[in-house]
Amino acid sequence: HPARAQEERMNELMTAIAEHLTIVAISMVFAAIIGIALGVFSYWKPRVGRYIIGIAEIIQTIPSLALLALLMIIFGLGDLTMGVALVLYALLPIIRNTYTSLTELPPYIIDAARGIGMSRQQRLVKVEIHLSIPMIFGGLKVALVNSLSIAVMGVLIGSGGLGYIIYRGIQQRNMDRILLGAIPVVVIALIFDWGMGKAEKRLQKHAR
């Protein structure tokens, strides 16, 4: 029955979208916590920070298939391996934006905070990080949009998501099935990019 087949296909799509978004969301939470912390630490300790950013840049250059293969040896097949890969790939834009936003704050703001008696820790928490939020958010946006695309590769290591539908379509040489998985990835990425771009502009206005 065509109607029944259509319903099954829609159920499969909704399940795949939910799995895809869940994997990306959980990964992004960990990436945000680790990335912002490392960005702040890189600003706090510039000598160590150069190495942290350098390592993040190296990870970013590793092809996704190679990284997944390495992580699969450690963590095995499944969502955990995909999640770790997404966290690693998301770190660079978050660390870099956090570090850059903190280092490029106008000196007079730091001097004003110092002038009213704030310690270095107080300046960091109450002034510097607060003013850096828009740029940090920009790094999170880049990491999220990238992660939505990279998560498609999870099908190769037994992870769920929209990559499964695309892979099945390739196996069956069924273009409709390939598009059924590929189009939602593009649409979701565009929606998040647009929505987070709007939020970033509001944060910039608020910071001013």
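The values are calculated or read from the model by the stated rules, or taken from the named source; none is laboratory data. Here the structure is a predicted model, which is why all the values come from computation and not from measurement. Here the Cβ positions follow ideal geometry from the backbone for every residue, glycine too, while neighbour counts run over all protein chains shown. With ligands, DNA and RNA removed, areas are computed over all heavy atoms of the protein, side chains included. Shrake-Rupley method; radii C 1.70, N 1.55, O 1.52, S 1.80 Å.
Return the carbon/sulfur percentage of the accessible area of segment 9-92, one whole number, probe 1.4 Å, all protein chains in place. After summing per-atom areas, the C and S share lands at 76 percent.
What is the list of residues in segment 42-81 whose amide nitrogen lies under 16 Å from a point 7 angstrom out from the Cα of I170, following Cα to Cβ? Correct set: 63-69. When each full DSSP H helix of the chain is screened for a Cα extent of at least 15 Å along its own axis and an average Kyte-Doolittle hydropathy of at least -0.5, the helices passing are 2-44, 46-61, 64-75, 79-103, 129-150, 162-172, 175-207. Applying 0.36 nm per residue to the separation of W194 and A69 and subtracting their alpha-carbon distance, the gain on full extension is 41.7 nm. Compactness check for the chain: Cα Rg over 2.2 N^0.38 Å is 1.22.
Other residues within the sphere of radius under 14 Å centred on the Cβ of Y167, judged by their own Cβ, net out at +1 (K and R +1, D and E -1).
If you take every residue apart from I110 with its C-beta less than 9 Å away from the C-beta of I110, what net charge results, scoring Lys and Arg +1 and Asp and Glu -1? Write down the numbers at each step before the final one.
Details: positive: R114, R123; negative: D111, E128.
Neighbour charge sum, excluding I110 itself: 0.
If you average the alpha carbon positions of segment 109-157 and of segment 34-60, how far apart do those two centres end up, in angstrom? Taking the Cα centre of segment 34-60 as reference, the centre of segment 109-157 is 12 Å away.
Using a cut-off of 15 Å between beta-carbons, work out the net charge of the residues near A5 (Lys and Arg +1, Asp and Glu -1, A5 not included). Intermediate results must be reported in sequence, preceding the final value.
Details: positive: R4, R9, R168, R177; negative: E7, E8, E12, D176.
Value of the local net charge: 0.
In the context of the full set of protein chains, the chain has a per residue accessible area of 58 Å² (1.4 Å probe).
Dividing the helix sum by the residues of the chain, where each DSSP H run of 4 or more adds -39500 (n - 2.57), gives a mean residue ellipticity at 222 nm of -29000 deg cm²/dmol. The residues R9, R50, sorted by heavy-atom accessible surface at 1.4 Å with ligands and nucleic acids left out, run R50, R9 from largest to smallest.
The heavy atoms of M196 present about 30 square angstrom of accessible area, all protein chains included, probe 1.4 Å.
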